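A short worksheet on the structure shown next.
Bear in mind these aren't lab numbers, they're just calculated from the coordinates by the rules spelled out. Predicted, not measured: the structure shown is a model, and the values here were computed from it. Here the Cβ is made from the backbone with ideal geometry for all residues, glycine too, and neighbour counts use every protein chain on show.
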Amino acid sequence: MILTRISVAQPVFATMVMIAMVVIGAFSYMRLPIEQLPDVDFPVVAVVTSYPGATPEAVENDIVKPIEDSVATLAGIDSIESVARTGSSLVLIIFDLEVKSSDAAQEVRDKVAQIQGLLPDNAGDPQILRFDPGELPVMSVGISSDEIGVGELTRLTEDVIAKRLANIRGVGRASVVGGRSAEVQIDIDPDRLTALSVGVAEALGAVAAENQDLPAGAITGDGATTSVQVEGRLATIRDFGDIIVTRRAGQPIRLGDIADIEERLAESTSLAMLNGDHALAIDVVKTQGANTVAVAEAVLEEVAAMQADDAFADIKIEILRDNAKPVTDSFHSVQNMILEGAVLATFIVFLFLNSWRSTVITGLTLPISIIGTMTAIYFLGFTLNMMSLMALSLAIGILIDDAIVVRENIMRHLHMGKSHMRAALEGTNEIGLAVLATTLSIVAVFLPVAFMEGILGRFFLQFGVTVSVAVLISLFVSFTLDPMLSSVWYDPSIDPKAKRGPVGRAVARFDDFFVWLGERYGGLLRRALKFRKTTILVAFLAFAGGIGIFTKVGAEFVPAADTGEFQVDLSLPVGTSLSRTAEKIAQVDALLRREIPEIEGTYATVNSGTTSGDNNATIIAILVPESERDRSPGVLTGVAREVLQSVGGADFIVGASNGMGPAGQPVELRIYGSDLGVLERLAADLKARLEAIPGLADVSTTLDDPQPTLGIRIDREAASDLGVSLQLVGDTLKPMLGGQTVSEWTSPQGETLDVVLRLPESARSDASVLGALPLAQSRGGVIRLDQVAEIVPSQGPGEINRQDRDRAVRVTASLDGVALGDVNAALEEAKASLDLPLGYRLGTGGETEQLADSMMAAAAALALAVIFIYLVLASQFGSFLQPFAIMSSLPLALIGVALGLLAFGSTLNIFSIIGFIMLMGLVTKNAILLVDNANQHVREGENLYDALVLAGRTRFRPIVMTTLAMIFGMLPLALNLHGGTGQNTSMAHAVIGGLISSSLLTLVVVPVLLTYTDGLGRRVARLFPAPPDHDASPAE
């Protein structure tokens, strides 16, 4: 081969090429960011709109539907999901993955701008947000103090601590959760408003107009310009009371006459609790593309610096959650796995070749291939993440395969008595096409994996490309460096009489054993070729048994991951106050920490992150290190679920993250229809059916909690007579009940405080005083609300979910001690038994939908891989039929996959499925080596039977060597000795099991099938006789 001839002829040049690959790869490695998952551009756009005081039905009709209708005409939309809650809406537009998120956001922004004028006047401006997985906090920092009050602690946290963290390179935002800032509160007294005939609108206008500075131009003279400004800013809190709101009977009515004005802490809108006690938290979010691990390390350094600073002596600053720690642990774990796998694979080489020179020559392929791959990862814009690192750890055994086959064949030629240079050239040339075919088969398998459809394809893109690049580099090294070193580095071990030490003699005895084993294999192969039908029957029965074993293997989308924490979602009745929620959080914290010793602490938030509503809380139970406990987060969720049954008046959803995102409920069914009453009935029926399925827990629906409302029904005739409009009623009640920020005030200390006008807390918490609230008449004077309206208590849905412009109810459930595949049949039965009226339909979401989508994507990738392998083999062997014999090793791998997953206790999940696809390329390597050598013997004049026996004995050693090298290279990953999440171990379990079964069966089944394809080929050839050779010379 030309590469081999150049490298052998120019050893210095070949060495320099290898050094250049290593140097460039090392520099690339140092610049690669470390992340948990690949950076995927999700074209998901959210439209968030506030509509204060509006019920979910009003939000749906006035906000959600107009926005849905406006964006529905955009091209490339996959689905539209909406949620209408009290006072706010969320419309989620999910585009096809081919659409760029920036383009999608701009198109949505343009469409929403066209209908913005049609939205209600008191609705907020729609916010257009792009979904970014990197928006999840990298780290959460807790702030607490026994010496400093909440207000001062909030000021220090917002103005000092959060700013120091936000200024760190790579930090995009440091958000404070649970803080209460100071503000100027103007508590309007409704009785005094009525007595003095003053409307709320007059008070609002007076405060806004009087507390401001107004520019009045400039005076120019004597070569200088002096600005003129009307100074109206109030200097003290007392000055607010002197603001003249209006005049009645010629007398001024001041703000102090109708309101109490005081600087107080703002009411809590969010909550953070640490171990059941109130605290503040700072969620640190990195900028897009920043190195997660580097940002986390910088934050830790800054926190340590503040902890050592005497200025923060009265403040306790601690790390609550470090989401970069699993990334770092996984990174170091994979590093160790790669090193151990390389050592084990190299040990196999020494064991079979009994030469440390051969071991070094072969082993050099690993560091050069891995380090060289870093160059491709860097220039392709990839990162060191779960997928790319998993690719390298799995590829260890594959990368050394080509070098093993090349070096073993060179050693075989050396034992024939050839010179080192001749043996290097002829040995590499003899095996070269077979090695090229095996490498191209692997690439043919991994490229379809890299380009699978959907989210799955985006995540596995880096996996497939990384493996493909690595094996191509290893092929290059095997064709250049290995033969070059073999030609210039004399190996005394080729002499049978060479002196050996104790280790060498022990390995020699193993070699004698292997020679004996090879002879036994030759005998077995002869018997298999003699009893071909029996051999095929045994293989078929083994394949059928493997299919049967698969029924005992559970199925799930992603295996459980040990992230060192689990999550409890607490839900109280709608309308529950924030203080009541805090009390319940403290109760849950005390109960969990008392009953579950593995819990080191808890961190709870309300109105932060993905949770909204004062009645909903997210509680993170942080566990002690994995080495100090025997139970995983998945097991502890079941324990926590039982413990929390003693807590009344609350609903709980307990779950653990699967390592691919936040914790969620894997089972999700959706009912679509138009009438909320019918949907509620159907959801309750389906919920009851799911609760009866063993293994399902925390079954809930999105219509579980009704929203208590007070309906104000205006008597339009009475309102018209008294000079009151519907708009005036809304404009009056909104600031009174919800409060309105009318201005800002700068204190003498330089702090900027909001000025908020509303009713005092006593009036806002008593529904009976609502009717007595004053309304200003258009012709002057004040009337009571109950003079023009009736106040009626009622209930409505807590939230309204919609999907693709239709109402939908979600029924969700968690798994308790079972895999998703174990309950799929029961779920389908529950769905089928539900009596749906005309116009109503069922859908599937959650992990059930993801598992079905992944199976379809994986099946398509598998089909493409098989087709590509056939194309490569047919081209390599120049035959349409021989590839079928070689590819018979593919179904034989299924037996070992089932046994491997069952033996290690793994499930059929997306990782083990990718492992099975990966096997398609690996198991054909053995058959290719066997068939290629048999063809060489046939071309030399041997009959097929003798050629197969001879090829089997010749290739038995390299086949076993490469198989064991791959198995031992993946063994550290399969055993997961260094911790980490352990999610990708199922891939190694599938690959190891498949390699063992396919290798054992391939050695006898493929030769047998080759005899059948040869016979079939001869019969087919008779149908296409060769044309006569008219150019042949006539016989003499």
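Couple of notes before you dig in:
- The ratio of the alpha-carbon radius of gyration of the chain to the globular-protein estimate 2.2 N^0.38 Å is 1.20.
- When each of the peptides 901-911, 440-450 is scored by the mean number of other C-beta atoms lying within 10 Å of its residues, the order from highest to lowest reads 440-450, 901-911.
- Annotation: peptides 527-538, 200-211, ranked by per-residue average of other Cβ atoms within 10 Å with the highest first, follow the order 200-211, 527-538.
- Length released on extending from residue 642 to residue 591, taking residue separation times 0.36 nm less the Cα-Cα span: 17.2 nm
- Antiparallel beta bridges, as assigned by DSSP with both residues in the chain, represent about 95 percent of the total such bridges.
- Between helix 325-353 and the chain: long-axis angle, C-alpha atoms, 0 to 90°, nearest 10: 0 degrees
- Computed from Cα atoms, the angle from the helix 820-833 axis to the main principal axis of the chain rounds to 60 degrees.
- Net length gained if the chain between residue 488 and residue 218 were fully extended (0.36 nm per residue, minus Cα distance): 88.2 nm
- Cα Rg, Dmax, region 44-131, angstrom units: 12.2, 39
- In loop segments of region 114-212 as defined by DSSP, the trypsin sites (Lys or Arg not before Pro) with at most 11 further C-beta atoms inside 10 Å of their C-beta are 169.
- Cα lying deepest toward the dipole's positive end in the chain, options 755, 601, 367, charges on Cβ: 367
- Förster radius 35 Å - calculated FRET efficiency between residue 580 and residue 551 (Cβ-Cβ, nearest 0.05): 0.10
- Cross-link reach is defined here as a Cα-Cα straight distance under 18 Å, omitting same-chain residues fewer than 8 places apart; for residue 418 the lysines meeting it are 497.
- Cα lying deepest toward the dipole's positive end in the chain, options 227, 201, 653, charges on Cβ: 653
- Gained length - residue 530 relative to residue 835, 0.36 nm times residue gap less alpha-carbon distance: 103.6 nm
- Nearest 10 degrees, 0 to 90: helix 292-308 Cα axis against the chain principal axis: 50 degrees
- Cα→Cβ-extended label distance, 7 Å offset, between residue 72 and residue 278, nm: 4.7 nm
- Distance between modelled label sites at residue 622 and residue 247, nm, 7 Å Cα→Cβ extension: 6.3 nm
- A dipole drawn for region 38-181 from +1 and -1 charges on Cβ atoms has a positive end, and of 157, 53, 174 the residue lying farthest that way is 157.
- Amide N proximity, region 988-1003 versus residue 510 label position 7 Å along Cα-to-Cβ, cut-off under 20 Å: 996, 1000
- Cα gyration tensor shape for region 366-405, rounded if a/c is under 1.5, else prolate or oblate: oblate
- Charge dipole of region 44-131 (Cα centre as origin; +1 on each Lys and Arg Cβ, -1 on each Asp and Glu Cβ, all else neutral): 220 debye, rounded to the nearest 20.
- Ordered by the count of other Cβ atoms within 10 Å of each Cβ, fewest first, 745, 516, 489 give 516, 489, 745.
- The calculated FRET efficiency for the pair residue 96 and residue 754, based on their C-beta separation and a Förster distance of 45 Å, comes to about 0.55.
- Global geometry of region 76-216, whether rounded, prolate or oblate, following the gyration tensor of its Cα atoms and the 1.5 cut on a/c: oblate
- Estimated inter-spin distance, residue 517 and residue 287, nm [label 7 Å along Cα→Cβ]: 5.7 nm
- Computed FRET value (nearest 0.05) for residue 114 with residue 903, which takes r as the C-beta separation and R₀ as 56 Å: 0.40
- Ordering of 884-895, 810-821 by packing is 884-895, 810-821, highest average first (other Cβ atoms within 10 Å, averaged per residue).
- Reach of residue 552 by Cα under 26 Å, taken over lysines that are not fewer than 8 positions away in the same chain: 831
- Spatially proximal lysines relative to residue 325 (Cα-Cα < 24 Å; intrachain offsets below 8 disregarded): 163, 286, 316
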